[in-house]
Amino acid sequence: MRGWRWPLAWIVSGSLLAFLSSAAYAQLSGNSLSQFGSSFTSDLLWYRLMPNATYPMGILPGIGIAILPPALLIACSLRQPVARDPFRLTLLIGVLAVLLLGGLVVSVKIGGGGDLHNL
């Protein structure tokens, strides 16, 4: 548990700073506060994940092509004993999964774009 102290501190402090700076910007911008919550209520266009008119390749097949090289590098690095540390692997996989899921949600939102730029 001792090894999780600093990563958890960075996660908590980074999240708190992001929330506070977003709230401060909303107050100082002069815009209506109702405009800032639209990203949480907009529709999700799940068809964008597969090939469609907006992005003929589709987001999921595109991700498969984009992550293949780094996935192979990670798999090759697991042959080294230092790379098999469960703590490091858990953090690496956790961070990558959070970024991937966040990018997927943004990609299927209205106005989120129809390609891989959110990932």
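The values are calculated or read from the model by the stated rules, or taken from the named source; none is laboratory data. Being a predicted model, the structure only gives us computed values, none of them experimental. Ligands, DNA and RNA are stripped out before the accessible areas are found, and what is left, the full protein with its side chains, is counted by its heavy atoms. Shrake-Rupley method; radii C 1.70, N 1.55, O 1.52, S 1.80 Å.
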Next on the checklist: Using just the Cα positions, wrap the stretch 1-88 in a convex hull and report its mean projected area in square nanometres, one decimal place.
Outcome noted: 9.8 nm²
Item to check | Accessible-area composition of the chain, carbon plus sulfur, in percent [1.4 Å probe] | outcome: 73 percent
Checklist entry - In the full protein assembly as shown, how much of Asp85 is accessible to a 1.4 Å probe, in Å² to the nearest 10? => result 60 Å²
Next on the checklist: Given a 1.4 angstrom probe, what's the average accessible area per residue across the chain, in square angstrom?
Outcome noted: 75 Å²
Item to check | Derived scalar couplings ³J(HN,Hα) [the stretch 48-62; Karplus, 6.51 cos²θ - 1.76 cosθ + 1.60; whole Hz; x for Gly, Pro] | outcome: 5, 5, 9, x, 8, 5, 6, 9, x, 6, x, 5, 5, x, x
